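Asks: To start, I am sharing the structure in question, which I have written as structure tokens.
Only the coordinates and a few stated rules stand behind these numbers; no lab work does. A quick note: this is a predicted structure, and the numbers were derived from the prediction, not measured. In this analysis, Cβ positions are derived from the backbone assuming ideal geometry, glycine residues included, and neighbour counts consider all displayed protein chains.
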Amino acid sequence: MRIVIAIDSFKGSLTSYEAGNSIADGIRSAMPDANITIRPLADGGEGTVAALTAGNNGIIKNITVTGPVGRPVKSMYGILNSNGSSTAVIEMAKAAGITLVPADFPADMRNPLYTTTYGVGELIKDAINEGCRDFIIGIGGSATNDGGIGMLQALGFGMLDDNGRQVPFGAIGLKNLKNITTDNALPELSECTFRIACDVTNPLCGASGCSAVFGPQKGATPQMIADMDTWLTHYADIAGDIAGMTSGNADACFPGSGAAGGLGFAFHTFLNASLESGTHIILEAINLREYIRTADIVVTGEGRLDSQTVMGKAPAGVAAIAKEYGIPVIAFCGCASDDAGVCNDNGIDAFFPILTGITTLEEAMSPDTARLNASVTAKQVFRLIKALS
């Protein structure tokens, strides 16, 4: 029996590969002769670098960059080499994520007026120096609302005030922004392609913009939200007028422009990036279709299955491909919500929570416990499949 396992991480517990290997161990206990292929899975958010790098025999590059509050942070990205070209895989959260702003930091440092995406630009610059010209970048989980100007500053763009000086980090820099220059931008950028894993469709400004929708969770007050929205509107106007801007992409209403505090706008406008479904990018990058089309059973899943799973998450994407070839799909999960039954209507034929007894959340999420539970559950499921075959 040919079995393809493509399961997302159980966040806070198991990585995609750990979950996949645990399930594979259980299957082999039931079916020693099974032909099992494990493909890493992610949706463009946390775990994307690890999944794509491991799944494509890439390497991890560790680097220290400027964190969201201006202090150095340890970061990393992946490098994939194929057909003579190099692709960098980056999670912006590794440089400008909300988790990099500890709760015990002073209030003025946990403030989107001052948090910056500068470190994201440093990751890109380092990857360019390593020879990468193609980029896959996930932009979920940001701590910023600076419209991506920090990233652009790191790449050599001039974000200038009335005196021709670089504006300060953070959304506050947008307040004094008067001119944008491109003459010192890294020349290699013209050779680069950027695919941005972006699963939100918010515009840059307005009631559905990044300031109003995502600002509060980053510490913004109502007054700050109003101010940042005004400054971002002005920023978009300048971006549309600057000399040398040839992409024609300075559209503040473009779906996804408001992602990651306006970082989506910066990528689309200045780096001619495509904003795409994270799941679509990852499934294509791991060439999953080629593995699935000859499978007898496909196994997928994630930490929690619920009605949101079918709204573009990775397991739903796996199931959709399998159903194109009429292949049964089984999902394993840490837990399943009351509304998880909708997954059965969207390509997942049956799903199985792996908990085997009453336990605390901490015990259930222990990696050792989760690995054992996943293996035991998979073993029993595939014993039944073997018995019915």
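Asks: What list of ³J(HN,Hα) couplings, whole Hz, do you get for region 57-63 from phi and the Karplus terms 6.51, -1.76, 1.60, once you set θ to phi - 60° and write x for glycine and proline?
Replies: Each residue of region 57-63 in turn: 6, x, 10, 9, 10, 8, 7 Hz.
Asks: Treating only the Cβ of Lys, Arg, Asp and Glu as charged (+1, +1, -1, -1), what charge dipole size does region 232-389 show about its Cα centre? Round to the nearest 20 debye.
Replies: Roughly 660 debye for region 232-389.
Asks: So what is the relative contact order of region 48-279, in percent, for Cα pairs below 8 Å that sit 6 or more residues apart?
Replies: With pairs under 8 Å counted, the relative contact order is 19 percent.
Asks: Taking a virtual spin label 7 Å from the Cα of Gln380 along the C-beta vector, which residues in region 14-31 bring their backbone nitrogen under 16 Å of it?
Replies: 23, 26-27, 29-30
Asks: Turning to a different aspect of this structure: Among Thr294, Gly150, Gly215, whose Cα sits farthest toward the positive end of the charge dipole of the chain (+1 at Cβ of Lys/Arg, -1 at Cβ of Asp/Glu, about the Cα centre)?
Replies: The listed residue farthest towards the positive side: Thr294.
Asks: Using the Kirkwood formula on the Cα atoms of the chain, what hydrodynamic radius do you get, in angstrom to one decimal?
Replies: Here the Kirkwood hydrodynamic radius works out to 21.8 Å.
Asks: Further, regarding this structure: Using label points projected 7 Å from each Cα along Cα→Cβ, tell me how many nm separate Ala207 and Ile59, to one decimal.
Replies: Result: 5.2 nm between the two label points.
Asks: Moving to a separate point now. Rounding to the nearest 10 and keeping the result within 0 to 90°, find how far the Cα-based axis of helix 222-241 lies from the longest principal axis of the chain.
Replies: 80
Asks: I'd like the Karplus ³J(HN,Hα) series for region 194-204: coefficients 6.51, -1.76, 1.60, θ = phi - 60°, whole numbers in Hz, and an x wherever there's a Gly or Pro.
Replies: Residue by residue, region 194-204 yields 10, 10, 9, 6, 9, 9, 10, 10, 5, x, 6 Hz.
Asks: If packing is taken as the average number of other Cβ atoms within 10 Å across a peptide's residues, how do 206-219, 132-145, 33-46 rank, most packed first?
Replies: Ranking the peptides 206-219, 132-145, 33-46 by packing returns 132-145, 33-46, 206-219.
Asks: Among Asp227, Asp339, Asp251, which one moves the most in a GNM of the chain with springs linking Cα atoms closer than 10 Å?
Replies: Asp339
Asks: What does the charge dipole of the chain about its Cα centre add up to, to the nearest 20 debye, if the Cβ of each Lys and Arg holds +1 and the Cβ of each Asp and Glu holds -1?
Replies: In debye, rounded to 20, the chain gives about 740.
Asks: Find the relative contact order for region 227-335 and round it to a whole percent, using C-alpha pairs within less than 8 Å whose residues are 6+ positions apart.
Replies: For region 227-335, the relative contact order is 20 percent.
Asks: Shifting gears a bit: Kindly write out, for region 346-356 in residue order, the coupling ³J(HN,Hα) from the Karplus curve 6.51 cos²θ - 1.76 cosθ + 1.60 (θ = phi - 60°), rounded to whole Hz, with x marking Gly and Pro.
Replies: So the Karplus estimates, Gly and Pro as x, are 10, x, 8, 5, 7, 10, 9, x, 8, 5, 10 Hz.
Asks: Putting +1 on Lys and Arg Cβ atoms and -1 on Asp and Glu Cβ atoms, find which of Gly256, Ser277, Ala95 reaches farthest to the positive end of the dipole of region 48-279.
Replies: Ala95
Asks: Quote the charge dipole size of region 48-279 about the Cα centre in Debye, to the nearest 20; the model charges only the Cβ of Lys and Arg (+1) and of Asp and Glu (-1).
Replies: Charge dipole of region 48-279: 460 debye, to the nearest 20.
Asks: Projected onto the charge dipole of the chain (+1 at Lys/Arg Cβ, -1 at Asp/Glu Cβ, origin at the Cα centre), which of Val376, Gly44, Met224 gives the Cα projection farthest towards the positive end?
Replies: Val376
Asks: Related question: How long are the semi-axes of the equivalent ellipsoid of region 129-206, taking √(5λ) for every eigenvalue λ of the Cα gyration tensor, in whole Å from largest down?
Replies: Calculated on Cα positions only, the semi-axes equal 23, 20, 10 Å.
Asks: I've got another one for you. Just want to confirm a number: the relative contact order over the chain, from Cα pairs under 8 angstrom separated by 6+ residues, in percent.
Replies: Relative contact order comes out at 19 percent.
Asks: Can you list residues whose amide H is under 5 Å from Ile36's amide H, if they're 5+ apart or on another chain and H is modeled 1.01 Å from N?
Replies: Under 5 Å from the amide H of Ile36: Ile3.
Asks: Let me ask you something else. 7 Å from Cα along Cα→Cβ at both Thr359 and Met1: what's the point-to-point distance in nm?
Replies: A separation of 2.4 nm, rounded to one decimal place.
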